[in-house]
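Okay, structure first, notes after.
The values are calculated or read from the model by the stated rules, or taken from the named source; none is laboratory data. Note that this is a predicted model, so its numbers are computed, not measured. Using ideal geometry, Cβ is built from the backbone for each residue, glycine included, and neighbour counts are taken over all protein chains shown. With ligands, DNA and RNA removed, areas are computed over all heavy atoms of the protein, side chains included. Shrake-Rupley method; radii C 1.70, N 1.55, O 1.52, S 1.80 Å.
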Amino acid sequence: MELFRSHVLVCAGTGCTSSASLKIIEEFEKQLEENNLEKEVKIVQTGCFGLCEAGPVVIVYPEGAFYSHIKVEDVKRITEEHLLKGRVVTDLLYKDAVIENQVRDIDEVDFYKKQKRIALRNCGLINPEDIEEYIAFDGYKALAKVLTEMKPEEVIEIIKESKLRGRGGGGFPAGLKWEFAAKAEGDEKYVACNADEGDPGAFMDRSVLEGDPHVIVEAMTIAGYAIGANKGYVYIRAEYPIAVKRLQLAIDDAKRMGLLGEKIFNTGFDFDLEIRLGAGAFVCGEETALINSIEGKRGMPRPRPPFPANKGIWNKPTLLNNVETYANIPQIILNGPEWFKSIGTETSKGTKVFALGGKINNTGLVEIPMGTTLREVIYEIGGGIPGGKEFKAVQTGGPSGGCIPAEHIDTPIDYDNLIELGSMMGSGGMIVMDEDNCMVDIARFFLDFTVDESCGKCPPCRIGTKRMLEILDKITEGNGTMEDIDNLERLAKNIKAASLCGLGQTAPNPVLSTLQYFREEYEAHVLEHRCPAGACKALSNYYILETCKGCGICMKACPVEAISGERKQVHVIDLDVCIKCGECMAKCPFDAIVRR
Amino acid sequence: MATNILTVENFQKLAKVIEENKGRQGALMPILHEGQKIFGCLPIEVQKMISEELEIPLSEIYGVVTFYSQFSLEPKGEYVISVCLGTACYVKNAQPILDKISEVIEAKPGGNSPDGKFTLLATRCIGACGLAPVITINEDVYGRLVVDDIPKIMEKYL
């Protein structure tokens, strides 16, 4: 084996790839060649490091130097200074990774300090396109153990014992699901993986598939052995091309090495995996809709029971888990259920990955032990709200979840606590909102999404969500009445009770939770025709503050000549003429124009 | 667009794809994905051929094609502009960006510009939340945008 004195890890997740990390890799290769370092330094293209805000990210080992916001031009300097002369380029390091010119270990950086990585353990560490790197990090060891030392029932017992709950949102005990599928009668059974991550603002599953695809291959094979299936399907969004490519490569490599296919590890067990692409329908994240889609039908849900464990794909018993659930399996097998149970809260064990986004300094992917508080995630890991703005609410669970206000920010995160607050764990989107976000508008945004994505099969969801959206439109345009708010609440409760599948049953949550915690905002829109956050266009106006220097830039920017004023005097906007385009506010160099 | 997509060559490619997938269970979706790659969209002529070869009623295939937002009955423009309207982008003002692009290229979300050169799409989360708000134009990604950036970016493509 070749030995290298330095490793340069470059993030090639979707976030960093979008900001040219592949060009950075090319440039490193070129620079190493020019400096004759290609035998001494190795470039590793990895999956997501998590701290997307700092992207593109480059880490150089053995120093553990964490470079952030790297541009192609910076590569030459890093190569000549750091790799050639051994001097870390401190001004390019991530701001939190340098203290008094000393490089700080990456685990000591605030963003990572409170995290615990199980599902993401290999993401950002190994090259996801190299099966040998996965194997070097204990990859396929759990599968070997299961196939050569354990009976299927023993595997299921371990998963049950670990108290792992489904990470796709519902939180159903995974072990029970496995047991149901194992006990179901059928000549053929299937294992399926739900990688149809449709929740807007969530990208946990994609990062696992991009950063550590083999973990899914290994876990699904283990599941196949446990329930007696020889075939598995991974249903992935077609919008995730990098994930699809890397998973296909992982499947091919695993087959080549005899870790997938016929007679795995020379035992009598055969297992094969196939990728099926989604085609842009959010409802396909619902398990029965996903099954219909795999079968080549419209992705509409089926009534349950029968549950997929009894009648799933082609009406055969099917075990369906989410990506993150599978990503935990090999570690549970290797370290035992006691280890897994020691992490987390009474009812929710292990860790959860969240995609932290919105009005937060450290946008990115975090994995925390269950029971960590929202405050720790937002302020310690996430670094707080940018621009000195005030925290208003955090949205979890996407279109199925709700907005949690500041008063509950010290709540420990677990399945039951979030449901208690009128939200839910969901797949793991966590969007932070500040004082500039209008809660009525956010509810409207989610309903707009649900109306678009409702499959149309059951009337409560198809018609009900549309009616709710109409009412929310009316309120955000300033034409709402108090009766509308009552109707909205009543509709929400009825849709929740009467819809066929999870999409409709949870669609009213964004409305109900904002009504619960931010009712006064709804009332301000209706009674005072005012949007307190200044976000609803119809209800807010632009004003010039006393701090105006009279420079005249806004006057020139205004397309309808609504601004007047003498030079060096405070200017005024004529609200009757103003079309609220916002050009003036965008151009003002003194931040003297506000919208409220 | 004036270019004819329903060429003999394209239909031959489709026939090959159908042949390769015919034996598979649930072959329809993979074939539709490939068909869309070949033709750029799935017009009724293409659906008819798939229907005859797979012996699935045309009505059912039309039902599937129109159910999924990624399948399109009409050709897309030379440049497909996708504005991410995921939650993270939305709370960071993606809507005004969509409005601005719509104004510049004279296309409504989901539609083409009058000359057929651009297709404007409001897409769900593309997962680049660290770059929010973000748009993609074909393979190019533009992130951390403000409305003022749009005219400059669009100049490259107009």
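With contacts taken as Cα pairs under 8 Å and at least 6 residues apart, chain A reaches a relative contact order of 11 percent. With the convex hull of the Cα atoms taken as the outline of the range A:55-150, the averaged projected area works out to 8.1 nm². Ignoring lysines fewer than eight residues from A:K183 along the same chain, the ones with Cα atoms less than 20 angstrom from its Cα are A:K151, A:K160, A:K163, A:K231, A:K311, A:K316.
Rounded, prolate or oblate: pick one for the range A:131-339, where a ≥ b ≥ c are the square roots of the eigenvalues of its C-alpha gyration tensor, a/c under 1.5 means rounded, and failing that, prolate if a/b is larger than b/c, else oblate. It comes out rounded by the Cα gyration axes. Dipole orientation for the range A:131-339: of the candidates A:S162, A:V217, A:V234, A:V234 has the Cα lying most toward the positive pole (charges on Cβ; Lys, Arg +1; Asp, Glu -1). Pairs of lysines in the range A:8-119 whose Cα atoms sit within less than 21 Å of one another amount to 20, provided the residues are eight or more positions apart or on different chains. Counting only other chain Cβ atoms within 10 Å of each residue's Cβ, the peptide B:80-88 averages 6. Only helices enter this figure: runs of n ≥ 4 DSSP H residues, each worth -39500 (n - 2.57), summed and divided by the residues of the protein assembly as shown, yield -11000 deg cm²/dmol at 222 nm to the nearest 500. Neighbouring Cβ atoms from other chains, within 10 Å of the Cβ of residues in B:129-142, number 5 on average.
Dipole of the range A:361-484, Cα-centred, from +1 at each Lys and Arg C-beta and -1 at each Asp and Glu C-beta, to the nearest 20 debye? Let's see the in-between values first.
Details: 9 positive and 21 negative charges, 89 e Å.
So the magnitude is around 420 debye.
Karplus-derived 3J(HN,Hα) values for the range A:503-511, using 6.51 cos²θ - 1.76 cosθ + 1.60 with θ = phi - 60°, are 4, x, 5, 10, 4, x, 4, x, 6 Hz; glycine and proline are entered as x. In the protein assembly as shown, a dipole from Cβ-located charges (positive for Lys and Arg, negative for Asp and Glu) runs towards its positive end, and of A:M300, A:M370, B:L14 it is A:M300 whose Cα lies farthest in that direction. Rounded to the nearest 10 square angstrom, A:C588 shows an accessible area of 20 square angstrom against a 1.4 Å probe. Using heavy atoms of the protein chains and a probe of 1.4 Å, the accessible area assigned to A:K23 is about 130 Å². A simple spin-label model places pseudo-atoms 7 Å from Cα toward Cβ; at A:K71 and A:K113 they are separated by 3.2 nm.
Counting charges near B:V147 (Lys, Arg +1; Asp, Glu -1) among other residues having Cβ under 14 Å from its Cβ returns a value of +3. Packing-based ranking of B:89-99, A:530-540 yields B:89-99, A:530-540, ordered from highest to lowest mean Cβ neighbour count within 10 Å. Averaging 1/r over each pair of different alpha-carbon atoms in the range A:351-434 and inverting the result gives 12.3 Å, the Kirkwood hydrodynamic radius. Within the shell of other residues whose beta carbon sits under 15 angstrom from the beta carbon of A:Y61, the net charge comes to -2, with Lys and Arg scored +1 and Asp and Glu -1.
Given a Förster radius of 30 Å and the C-beta distance between A:K145 and A:I419 as r, what FRET efficiency does 1/(1 + (r/R0)^6) yield to the nearest 0.05?
On the way: r = 35 Å, r/R0 = 1.18.
It comes out at approximately 0.25.
If you take the Cα atoms of the range A:1-111, find Rg, then find the Kirkwood Rh from the mean of 1/r over all pairs, what is Rg/Rh?
Working: Rg = 12.9 Å, Rh = 13.8 Å.
So for the range A:1-111, dividing Rg by the Kirkwood Rh gives 0.94.
Which residues does the label zone of B:E52 cover in the range B:15-44, counting backbone N under 13 Å from a point 7 Å along Cα→Cβ? Answer for the range B:15-44: B:15. In percent, rounded to a whole number, the relative contact order of the range A:134-178 is 26, using alpha-carbon pairs under 8 Å and six or more apart.
With 27 Å as the limit, write out which pairs from A:K177/A:K392; A:K359/B:K37; A:K245/A:K297 have Cα-Cα distances beyond it, or answer none. In this structure, A:K177/A:K392; A:K359/B:K37 exceed 27 Å between Cα atoms.
Can you tell me what share of the DSSP beta bridges in the protein assembly as shown is antiparallel? A percent to the nearest 5 is fine. Walk me through the numbers on the way to the answer.
Details: 41 of 74 bridges.
Counting only bridges with both partners in the protein assembly as shown, antiparallel ones make up about 55 percent.
Accessible area per residue (1.4 Å probe, heavy atoms of protein chains only) ranks A:L176, A:L37 as A:L176, A:L37, with the largest value leading. Residues whose amide H falls under 5 Å from that of A:K231, counting only those 5 or more places apart or on a different chain, are A:V191, A:D272, with hydrogens built in the peptide plane.
Across peptide A:5-16, the average count of Cβ atoms from other chains found within 10 Å of a residue's Cβ is 2.
Largest first and in whole Å, give the semi-axes of chain A's equivalent ellipsoid, each being the square root of 5 times a Cα gyration tensor eigenvalue.
Working: eigenvalues 371, 246, 76 Å².
The answer is 43, 35, 19 Å, longest axis first.
Residues within the reach of a label modelled at A:E561 (point 7 angstrom out along Cα to beta-carbon, backbone nitrogen below 14 Å), restricted to the range A:576-591, are A:577-578. Each of A:Y326, A:Y379, B:Y142 has its accessible area taken with a 1.4 Å probe; listed largest first, they run A:Y379, B:Y142, A:Y326.
Calculated FRET efficiency, A:D574 and A:L527, Cβ-Cβ r, R0 22 Å, to nearest 0.05?
Details: r = 27 Å, r/R0 = 1.22.
So, using R0 = 22 Å, E works out to roughly 0.25.
Label sites at B:E20 and A:D486, each approximated as a point 7 angstrom past Cα along Cα to Cβ, lie 6.3 nm apart.
About the Cα centre of the protein assembly as shown, how large is the charge dipole given +1 on each Lys and Arg Cβ and -1 on each Asp and Glu Cβ? Please answer in debye to the nearest 20. Walk me through the intermediate numbers first.
Working: 84 positive and 109 negative charges, 158 e Å.
Here the size comes out at about 760 debye.
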